[in-house]
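Each remark here refers to the structure printed beneath this line.
Throughout, read-outs are computed from the coordinates displayed, never taken from laboratory work. Keep in mind that what you see is a predicted model, and the values were worked out from it rather than measured. Positions of Cβ are generated from backbone atoms using ideal geometry, with glycine treated the same way; all protein chains shown enter the neighbour counts.
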Amino acid sequence: MKEYDITITETLEKTVSVTAASREDAEEKVKGYYNSEYVLDADNFTQVDFKSGEGRDLIRDEDRIDALLIKPGKLPQPVRISTELEDLQAIVGGDIEEFALDDTAGLIFNEEGRLNGLPLNRALRDDNGRMFDIIVGDFLVVGFTEESYSFLTPEQMEKFEKQFHTPETFVKMERGIIALPIGEDTVKNTEKDRTAGAVKRTQPGQEVL
């Protein structure tokens with residue numbers, strides 16, 4: 001569905017007879033039209049013209065939910081997203097897969113993220129804090145219902161922001177992979193550097209590779 005702006009232009013036309021010494025005098029008398037001496041109504045209708053603007057994708061407020069977007073190496077970001085399948089696929093970069101965190105919320109992530117070599121993002125841990133899996137690529141934390149997805153409540157936002165707050169880096173050891181937290185100062189400095197831009201200021205004639 002899309003939303004369009006349509007401009008409707010109606011044209012009214014009426015001819016009146018005026019006795020006057022000249023055309024200018026006649027036109028001056030007819031200007032009484034502005035004082036409602038001559039009234040144009042539906043009987044004077046001659047044509048209507050329609051002009052449409054470019055279409056816009058239409059997303060109703062009820063089709064959007066509040067969720068958390070979590071990217072590798074970055075802090076969780078509150079977002080308002082569409083629940084349409086193609087929009088969710090665009091966010092995670094492919095077909096989606098779900099993982100339930102509890103009875104009311106869960107993750108949406110790229111189903112083929114590992115096969116596609118997406119970067120490691122966050123570890124999943126059991127109740128004892130042991131890592132049992134790693135989510136790769138960008139993923140969403142959303143509310144779960146029996147039939148679809150729903151918004152995260154403020155309490156859920158706080159809970160899952162805390163759970164996935166710290167970005168992680170992963171190191172392969174002899175016994176397996178371990179997750180190491182990335183310091184928040186490092187994350188913020190990285191974001192600051194990206195905002196400043198990839199090109200550094202240079203002196204005239206100096207190049208930065």
Running Debye on the stretch 102-149 with equal point scatterers at the Cα sites and no solvent, what base-10 log of I(q)/I(0) appears at q = 0.20, 0.29 Å⁻¹? -0.78, -1.06
Calculated FRET efficiency for the pair E84/M131, C-beta based, R₀ 25 Å, to 0.05: 0.15
Quick one: Karplus J couplings for the stretch 171-181, per residue in order, coefficients 6.51, -1.76, 1.60, θ = phi - 60°, nearest Hz, x for Gly and Pro? 10, 7, 10, 4, 8, x, 9, 10, 9, 10, x
Under a plain spin-label model, where a point goes 7 Å from the Cα along Cα-to-Cβ, how far apart in nm are D185 and T169? 1.5
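How about the stretch 130-181: which trypsin sites (Lys or Arg not before Pro) there are in a DSSP loop, with at most 12 other Cβ atoms within 10 Å of their Cβ? The partial results should precede the final answer.
On the way: sites: R130, K159, K162, K172, R175; in loops: R130, R175.
Listed in order of number, the matching sites are R130, R175.
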Taking the Cβ-Cβ separation of R114 and T153 as r and a Förster radius of 30 Å, what is the calculated FRET efficiency to the nearest 0.05? 0.45
